[in-house]
Amino acid sequence: MTTPYEDNRWETIPIRIETDPDACAEVVADEIAALIRKNEADGRKTVLGLATGSTPRGVYRALVRRHQEEALSFRNVVTFNLDEYFPITPDDPHSYHRYMWENLFSHLDILPENVHIPRGNIALGEVSSSCLEYEKKIAEAGGLDLQLLGIGRSGHIGFNEPGSPARSRTRLITLDHITRSDAAPEFQGLHRVPTRAITMGIRTILAARRVILLVTGEHKAAIVRTAVEGKVTDEVPATFLQGHDNVTAILDLGAAADLTRLRAPWLLGPLADQGLAWNETEICRAVLWLAEKTGKAILKLTEEDYNAAGLQELLATADGAAYELNLKGFYRLQNAITGWPGGRTDGSRPKPLRGGAASVFPKRILIFSPRPEDDVLSMGGTLARLAAQGHEVHIAYQTSGASSLPVEILERFRLFARDSGATLGEGPEALRHQYSLIRQLDAKAAAKICGIPPERLYFLDLSFDWHVGEVVKRSVTGKDVETIAELLTRVAPHQIYAASDRNDPEGTSRLGLESLRRALQATASLPWASDCDIWLYRGGGSAWPLPAIEMAVPLSPSEVLRKRRAITQHETLRQSATLPGSTPHQLHELSSRHDRATAEAFDRLGLAEYESMETFTHPDFVSNLLVK
Ligand code: GLP
């Protein structure tokens with residue numbers, strides 16, 4: 001899907017959207033490989049500006065593969081990295097030096113003298129001369145042929161945080177709070193994230209002859225929209241890219257989700273021109289969008305409202321009758337509300353996806369929680385309801401969640417054990433195990449409050465957790481898939497709940513879902529599989545947007561309090577900002593804010609007024625996941 005920006009008044013730079021991060025990575029690697037080969041044929045070196053973070057890892061894997069399998073040589077490549085933390089030593093597991101060598105350079109035939117990364121292990125007094133020197137080296141190399149960029153949720157490119165001027169050059173900067181809290185899980189606590197960094201400036205970046213902005217994950221959707229649809233401002237440094245004449249943003253569907261062309265495509269012209277049609281889904285999406293935009297209850301929307309918002313085409317499909325459209329949008333939400341998430345004893349509501357097990361009561365229900373806290377955070381109320389309504393509820397904790405525990409907590413538990421006379425193992429493996437046990441205690445206490453006994457909890461300890469102090473490649477292994485498949489076979493569930501968010505490509509939720517998808521494929525022929533319904537809750541305690549909601553479970557004030565009690569059992573997390581993008585609020589505040597916002601939206605749109613709501617969708621709403 002490529003849209004030349006001239007045809008699209010909402011987007012200020014050319015955009016290419018791919019379905020998933022891997023496809024994005026291939027596109028970028030193809031372009032880089034073609035550039036290297038062309039320059040090589042012309043007898044020239046290629047000067048690349050490179051980025052770090054989780055986003056470009058796939059590109060680096062794809063380049064390594066081209067080097068190993070397609071003889072792509074890097075002997076004539078010179079690289080300059082965007083940034084580095086300060087102060088930091090090159091061998092620190094969090095340094096970008098180590099990141100670049102481990103993810104890319106050590107697998108290539110690049111000459112070490114051609115690699116340049118700002119140095120983080122110099123004295124403060126040497127920083128400005130070192131930055132000047134860096135700029136000089138870029139100039140001596142002939143300038144950057146291609147600069148690869150990611151974007152931070154603060155709107156930074158490189159580490160040019162809000163307020164960075166267009167004329168800025170390589171320099172020392174102070175990191176924004178959002179940037180530091182996003183990095184906190186990797187550093188095991190906000191207080192361990194460096195406060196400063198050295199970064200190429202905006203002017204340095206814009207001087208590159210070609211710029212690729214690569215963004216994946218729906219946690220970046222809002223900032224992507226601001227960067228490409230918003231006005232140029234130093235408050236969002238990525239907007240400066242709008243002034244570059246050879247830039248392309250390459251996005252996966254998650255990162256593109258907030259762009260007008262996906263969020264409200266009817267604003268860009270006739271739907272048919274965009275390969276879409278006014279089917280039930282699009283109609284409901286537009287009606288809900290209009291109600292939110294006008295702040296009106298759905299059933300109060302008038303023909304004038306539709307016309308004024310540019311929805312003439314939709315109105316025409318209903319012979320000009322707003323009320324017909326309103327009803328469709330209204331019933332879409334109304335039918336999603338249910339206090340019986342496992343189904344009523346008579347098999348009615350919620351509408352099952354496949355139907356086979358609809359009338360089975362009670363059901364065997366298996367909930368997948370990527371981290372130990374995800375289940376209660378996003379569906380603690382529903383969990384308790386399912387158990388109270390007599391269903392057999394099992395919970396599988398996919399990763400140990402050990403990495404998000406501050407080391408101080410482990411120390412405290414070890415002190416307690418020592419003072420009580422226990423002997424504890426030493427060494428990395430033993431410590432990792434102790435971290436996991438602490439997180440298990442939290443999960444068990446939380447599940448108990450929701451009415452789930454410990455014998456129905458499974459701590460799978462899958463491989464894609466961060467390992468403390470290590471740089472790990474995060475991916476799903478065959479053994480992970482086997483472990484889940486075994487559990488599925490043992491429980492033979494009628495309903496599955498899983499977390500979904502298209503966050504960063506190697507994020508725990510994404511890998512959690514990927515491992516489940518593969519295990520479901522492996523077990524697809526088993527008798528229970530064809531009748532098993534799958535519901536997705538949104539990871540990290542957040543809620544689905546209105547058009548995606550297929551099931552909304554209301555919570556009464558007392559259920560809200562119980563959910564809060566369950567979440568606060570994860571008390572060992574209290575000190576650290578563990579959720580991607582969370583400000584260091586209490587976990588329960590974060591989730592109750594989302595639950596309440598959903599209930600308020602239902603109320604505002606003219607549906608029943610509840611205290612709070614948890615939301616679910618079917619897998620078909622989440623691309624790249626479809627469980628058939
Ligand atoms: C990092 C880097 C940026 C990067 C951004 C996004 O910390 N300094 O160059 O683009 O923040 O990171 P990620 O790709 O992990 O989301």
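Check THR199, THR216 and return the single one that is within 12 Å of the ligand (Cβ to nearest atom), open to solvent by less than 10 Å² (accessible area, probe 1.4 Å) and in contact with a Cys (Cβ under 8 Å, 6 or more places away or on another chain).
THR216
Regarding ASP30, is this residue open to solvent by 60 Å² or more (accessible area, probe 1.4 Å), of a type in the set (Asp, Glu), within 16 Å of the ligand (Cβ to nearest atom) and in a helix (DSSP H, G or I)?
Considered against the rule, which asks whether it is open to solvent by 60 Å² or more (accessible area, probe 1.4 Å), of a type in the set (Asp, Glu), within 16 Å of the ligand (Cβ to nearest atom) and in a helix (DSSP H, G or I), ASP30 comes out as no.
Just to be sure, is GLN188 within 13 Å of the ligand (Cβ to nearest atom) and either modelled with pLDDT of 95 or more or under 26 Å from the mean Cα position of the chain (by Cα) (or both)?
So GLN188 fails the test.
Return only the number of the condition from (1) assigned to a helix (DSSP H, G or I); (2) touching a Pro at 6+ places or on another chain (Cβ under 9 Å); (3) in contact (Cβ under 8 Å) with a residue 24 or more places away in the chain that GLY390 does not satisfy.
Just one mismatch for GLY390, condition (1).
Kindly state which helices (runs of 4 or more DSSP H) lie completely within segment 277-344 and contain at least 1 residues that are touching a residue at least 60 places away in the same chain (Cβ under 8 Å).
Hits in segment 277-344: 280-294, 322-334.
Could you look through segment 202-213, keep only residues that are among the hydrophobic types (A, V, I, L, M, F, W, C) and out of contact with any strand residue (DSSP E or B) (no Cβ under 8 Å at 6 or more places or on another chain), and pick out the one that is nearest to the ligand (Cβ to nearest atom)?
Only one residue tops the list, namely LEU206.
Here is a check on your reading of the model: is VAL236 of a type in the set (A, V, I, L, M, F, W, C) and open to solvent by 10 Å² or more (accessible area, probe 1.4 Å)?
The answer is yes for VAL236.
Say we look at segment 33-77 and pick out the residues that are β-branched (Val, Ile, Thr) and within 16 Å of the ligand (Cβ to nearest atom); which of these is least open to solvent (accessible area, probe 1.4 Å)?
Restricting to residues being β-branched (Val, Ile, Thr) and within 16 Å of the ligand (Cβ to nearest atom), the top hit is VAL59.
Of the residues that sit in segment 10-27 and are aliphatic (A, V, I, L, M), away from the ligand (no atom under 16 Å from the Cβ) and part of a helix (DSSP H, G or I), which one is farthest from GLY254 (Cα to Cα)?
VAL27
Of the residues that sit in segment 278-292 and are open to solvent by 60 Å² or more (accessible area, probe 1.4 Å) and touching a helix residue (DSSP H, G or I) at 6+ places or on another chain (Cβ under 9 Å), which one is modelled with the highest pLDDT?
My answer is GLU292.
Residues are listed down the side, and each one gets a yes or a no for (1) open to solvent by 20 Å² or more (accessible area, probe 1.4 Å); (2) over 23 Å from GLN586 (Cα atoms); (3) modelled with pLDDT under 90:
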site: SER500; (1), (2), (3): no, no, yes
site: SER509; (1), (2), (3): no, no, yes
site: GLY512; (1), (2), (3): no, yes, no
site: SER515; (1), (2), (3): no, yes, no
site: ALA522; (1), (2), (3): yes, yes, no
site: TRP528; (1), (2), (3): yes, yes, no
site: ASP531; (1), (2), (3): yes, yes, yes
site: TRP544; (1), (2), (3): yes, no, no
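So, of the residues in segment 161-184 that are touching a Leu at 6+ places or on another chain (Cβ under 9 Å) and either within 11 Å of the ligand (Cβ to nearest atom) or of a type in the set (Phe, Trp, Tyr) (or both), which turns out to be most open to solvent (accessible area, probe 1.4 Å)?
The qualifying residue most open to solvent (accessible area, probe 1.4 Å) is ARG180.
Output yes when any residue across segment 140-148 is at pLDDT 95 or above, more than 16 Å from the ligand (Cβ to nearest atom), in a loop (DSSP other than H, G, I, E, B) and under 16 Å from ARG196 (Cα atoms), and no when none is.
no
Sort out which residues of segment 293-307 are buried (at least 21 other Cβ atoms within 10 Å of the Cβ) and either of a type in the set (Val, Ile, Thr) or under 26 Å from the mean Cα position of the chain (by Cα) (or both), and write them in order of number.
ILE298 - this is the single residue of segment 293-307 that is buried (at least 21 other Cβ atoms within 10 Å of the Cβ) and either of a type in the set (Val, Ile, Thr) or under 26 Å from the mean Cα position of the chain (by Cα) (or both).
Here's a check for you: in segment 365-387, which residue that is in contact with an Asp or Glu (Cβ under 9 Å, 6 or more places away or on another chain) and in a loop (DSSP other than H, G, I, E, B) is farthest from CYS450 (Cα to Cα)?
In this case the residue turns out to be ARG371.
The values are calculated or read from the model by the stated rules, or taken from the named source; none is laboratory data. Given the structure is predicted, the values throughout are model-derived calculations rather than measurements. No Cβ is skipped: glycine too gets one built from the backbone with ideal geometry, and neighbour counts run over all protein chains shown. When the accessible area is computed, the model is the full protein with side chains, heavy atoms only, and any ligands, DNA or RNA have been set aside. Shrake-Rupley method; radii C 1.70, N 1.55, O 1.52, S 1.80 Å.
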